[in-house]
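Read through the structure below, which is laid out as structure tokens, and then see the notes.
Since every read-out is calculated from the coordinates, none of them should be taken as a lab result. Since the structure is predicted, the reported quantities are computational estimates derived from the model, not experimental observations. Glycine also receives a Cβ, built like all others from the backbone with ideal geometry; neighbour counts cover every protein chain displayed.
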Amino acid sequence: ICNSISRPTGEGCRTVPLAGHVGFDSLPDQLVNKSVSQGFCFNILCVGETGLGKSTLMDTLFNTKFEGEPATHTQPGVQLRSNTYDLQESNVGLKLTIVSTVGFGDQINKEDSYKPIVEFIDAQFEAYLQEELKIRRVLHTYHDSRIHACLYFIAPTGHSLKSLDLVTMKKLDSKVNIIPIIAKSDAISKSELTKFKIKITSELVSNGVQIYQFPTDDESVAEINGTMNAHLPFAVIGSTEELKIGNKMMKARQYPWGTVQVENEAHCDFVKLREMLIRVNMEDLREQTHSRHYELYRRCKLEEMGFKDTDPDSKPFSLQETYEAKRNEFLGELQKKEEEMRQMFVQRVKEKEAELKEAEKELHEKFDRLKKLHQDEKKKLEDKKKSLDDEVNAFKQRKTAAELLQSQGSQAGGSQTLKRDKEKKK
Amino acid sequence: MDPLRQSPSPSSSRASSPRTFSCERLGYVGIEAVLDQLKIKAMKMGFEFNIMVVGQSGLGKSTMVNTLFKSKIWKSTMPGLRVPMPQTLQLHSVTHVIEENGVKLKLTVTDTPGFGDQINNDKCWDPILGYINEQYERYLQEEILITRQRHIPDTRVHCCVYFVPPTGHCLRPLDLEFLQRLCRAVNVVPVIARADSLTIEEREAFRHRIQDDLKTHSIEVYPQKSFDEDINDKILNSKIRERIPFAVVGADREHMVNGRCVLGRKTKWGIIEVENMAHCEFPLLRDLLIRSHLQDLKDITHNVHYENYRIIRLKESHALPRGPGWVNLAPTPPGPGKVCRWAEDDSDEDF
């Protein structure tokens, strides 16, 4: 059975009019219901020097008292502290993770201050990438820990950005959505604030730092986002204390010369921040993180590992194929190395064997020589012994012969002759 | 231990136990606005839905599709016209964009003329499985690119509507074979076609017999029991499961009944109203497919069927039926080819 598939080419599908109510306009609701049951994830990173009010601002933003003790200034290096909270509002569940830098800007040498932050952000991307590349994966229930928004706290000096700020923001702008905010802005007066904001914005632009721009492509939010973009960086004040002002309880900070209301737009930009961060653009922040920053990380990481999309013959490569090829290459190298080692080992063994054989041979020779010597000696001795025996025998013979003669002489009568013989003998 | 010293290593950054705070006590934050943001985004991007209709010719597949989406998706073929019977099984796809109240839906309908029409229908499900797998393959290839698109076009079949001929007895061997194979790869919704030839009692009996057949052969049709997430889903889906397969009638002509204009089939003995629950169960099918479970169909296709395909593909791709443009992703192991099995208990393997 052969099969032929006919498909329309390209995007030229026509729009067909409907003769009645079909009912798929409930699709967005279906989608939303699904998302509600799954819950949402939102991760904020707060970068800023110690004492700029990061934790207080988080408390104020989310109307809750998150636990945590204020940090000291004596940290030896920059660390990141992360906490996850489950927030519930009507039927929406939000898994909020707040990551704060601890000890940022406290060291004497701040050259490496940005490194732990960049490493942390990369580690979250890496974890997601690992999950995505697994063979058996559960992406739809995966707890997404990637940072969606980075609030950069600028100290309210009123002059300009510190070099630490510029360096850190430059390192972070391609990895995360940066929203710069001026912290503790009740320390700056209104006129100074405008100048400060202008100075900051121009410095960011001249240094090429890409901060997050609220999206203006959708008509429903284009207008409000457009105006808000002009107010960046937001000047915020955080406070969880409630004071009675007029006849309402409001969040505020009280000074002898007046009271600063957090939610008063004339006093600070807190409301704008909350509006932008949570009520209008939370979904866009998440999407930008996934489709821009994460994709960039993924692309760099995979290219680093040596994967390409097409090879010179323009045949599409697959990750698995390249991976297998690399693995085989690596295994081949390992094998080669193993072979080499084995060869070397065999060689050494041979050499040693040869050496030992040499030594053995020498020993044998020595033994032979010694043996020969010994035999020679022995022979000499035996010869000597033999000659000695011969002499002894000869002596004995003469002795017996002499005794015989003596006995004959004594019978013939003449001990003289005996004496003479004896003397002769002597 | 100094609480400040808890610098977590990045991978353990989600170590702290989540504390539940209820925002309502202290004031409104505005988190639920994210739902509206989601809706706006989804509507701007538009939706996609791919449906496949499978069944012998003459069971009213094209008419059913036209009735479901209330538009001339297809020219319904009438018997008797000089349309040559396809000699082989073909797959024919058509894509339309339909819009309702600002919601744009890109609908792709795949028809399978020639299914079950030959004398020897052995392996007639292979081209269909091949097509389904080819769509998964296309998505997978897009997904593993280094530089990939923001929105990968989704051509995967989200739902396969299987038309059972109204014999009134039980499922035929062809039906069983097909359903068994396809339920593992795609969401299948079986329907009793041309149900106007059965009386209500016959319908119920037929339905029960089919349900028994499905249970005996462990065929899990949509909505699958094993994917029910919580108790609400279970209750809702059990009600649906009791009525599967729906007995449907399709019609694209309108007639006057009691002063109202309704879609129906006119016969000598009466008019069968398509949208009347007393006459047929078409409204149930439409509600299931479009009004309540469309997103769920897409989700299960993406989270379950596609993932299963991906696992098999990355591990033992030689066992799958091949479509055109095949790229081997996994090394073929030495030895005889293994039977394509339901990859369930393999241990985790990292890339």
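So for segment A:38-305, considering every pair of alpha-carbon atoms, how many percent are separated by more than 22 Å?
It works out to 59 percent of all Cα pairs.
For segment A:225-309, with only Lys/Arg (+1) and Asp/Glu (-1) charged at the beta-carbon, what is the dipole magnitude about the Cα centre, in debye rounded to 20?
160
Which of A:GLN79, A:LEU57, A:GLY93 sits farthest toward the positive end of the charge dipole of segment A:47-94, with +1 on the Cβ of Lys and Arg and -1 on the Cβ of Asp and Glu?
Towards the positive end, the residue furthest out is A:GLN79.
Taking the Cα centre of segment A:327-388 as the origin and placing charges on Cβ (Lys, Arg +1; Asp, Glu -1), which of A:LEU334, A:LEU381, A:MET344 is farthest toward the positive end of the dipole?
Result: A:LEU381.
Given +1 on the Cβ of Lys and Arg, -1 on the Cβ of Asp and Glu, and no further charges, what dipole in debye does segment B:199-260 carry about its Cα centre, rounded to the nearest 20?
About 160 debye.
If the cut-off is 16 Å between C-alpha atoms, which lysines fall inside it for A:LYS379, apart from same-chain ones fewer than 8 positions away?
Hits, sequence-local ones excluded: A:LYS371.
What net charge is computed for the residues neighbouring B:LEU214, neighbours being all others with C-beta under 15 Å from the C-beta of B:LEU214, Lys and Arg scored +1, Asp and Glu -1?
+3
Which net charge results for the neighbourhood of A:GLY158, defined as the other residues with beta-carbon distances under 10 angstrom from its beta-carbon, given Lys and Arg at +1 and Asp and Glu at -1?
Cβ neighbours under 10 Å give a net charge of +1.
Of B:CYS124, B:GLN149, B:THR108, which is farthest on the positive side of the dipole of segment B:108-167, counting Cα position, with +1 on Lys and Arg Cβ, -1 on Asp and Glu Cβ, and the Cα centre as origin?
Value: B:GLN149.
For segment A:221-236, in order, what is each residue's ³J(HN,Hα) by Karplus, 6.51 cos²θ - 1.76 cosθ + 1.60 with θ = phi - 60°, in whole Hz (x at glycine and Pro)?
Once θ is set to phi - 60°, the couplings for segment A:221-236 become 10, 4, 5, 5, 5, x, 5, 5, 4, 6, 8, 5, x, 6, 9, 10 Hz.
What share of the DSSP beta bridges in chain A is antiparallel, in percent to the nearest 5?
Among the beta bridges of chain A, antiparallel pairing accounts for roughly 55 percent.
First select every other residue whose beta carbon is under 12 angstrom from the beta carbon of A:MET250; then total the charges, Lys and Arg +1, Asp and Glu -1.
Charge balance in the 12 Å sphere: +1.
Which pairs in the list A:LYS134/B:LYS41; A:LYS65/A:LYS184; A:LYS162/A:LYS197; A:LYS170/A:LYS301; A:LYS162/A:LYS190 are over 25 Å apart, alpha-carbon to alpha-carbon?
Flagged as over cut-off: A:LYS134/B:LYS41.
Taking amide H positions as placed in the peptide plane 1.01 Å from N, state which residues far from A:GLU263 in sequence (5 or more) or on other chains have amide H under 5 Å from it.
Answer set, sorted by chain and number: A:LYS251.
Can you give me the long-range amide H partners of B:VAL103? Hydrogens built in the peptide plane at 1.01 Å from N, cutoff under 5 Å, separation of 5 or more residues or another chain.
The answer is none.
Just want to confirm a number: the relative contact order over chain A, from Cα pairs under 8 angstrom separated by 6+ residues, in percent.
11
Run the dipole for segment B:122-259 about the Cα centre, Lys and Arg Cβ at +1, Asp and Glu Cβ at -1, nothing else charged, and hand back the magnitude in debye, nearest 20.
Computed about the Cα centre, the dipole is about 40 debye.
Which residue, A:LYS361, A:LYS171, A:LYS399, tops the fluctuation ranking in a GNM of chain A built on C-alpha contacts under 10 Å?
Looking only at A:LYS361, A:LYS171, A:LYS399, the largest GNM fluctuation is found for A:LYS399.
Give the cross-link partners of B:LYS70 among the aspartates and glutamates, using a straight C-alpha distance below 16 Å as the criterion and excluding same-chain residues fewer than 8 apart.
A:ASP25, B:GLU99, B:GLU100, B:ASP252, B:GLU254, B:GLU273, B:GLU275, B:ASP287
Which of the lysines could be linked to A:LYS372 by a straight reach, that is with a Cα gap under 27 Å, when you skip same-chain ones fewer than 8 residues away?
A:LYS357, A:LYS361, A:LYS380, A:LYS384, A:LYS385, A:LYS386
How far apart, in nanometres, would the label points at B:ILE152 and A:GLN210 be if each is projected 7 angstrom from Cα along the Cα-to-Cβ direction?
Once both label points are built, they end up 2.4 nm from each other.
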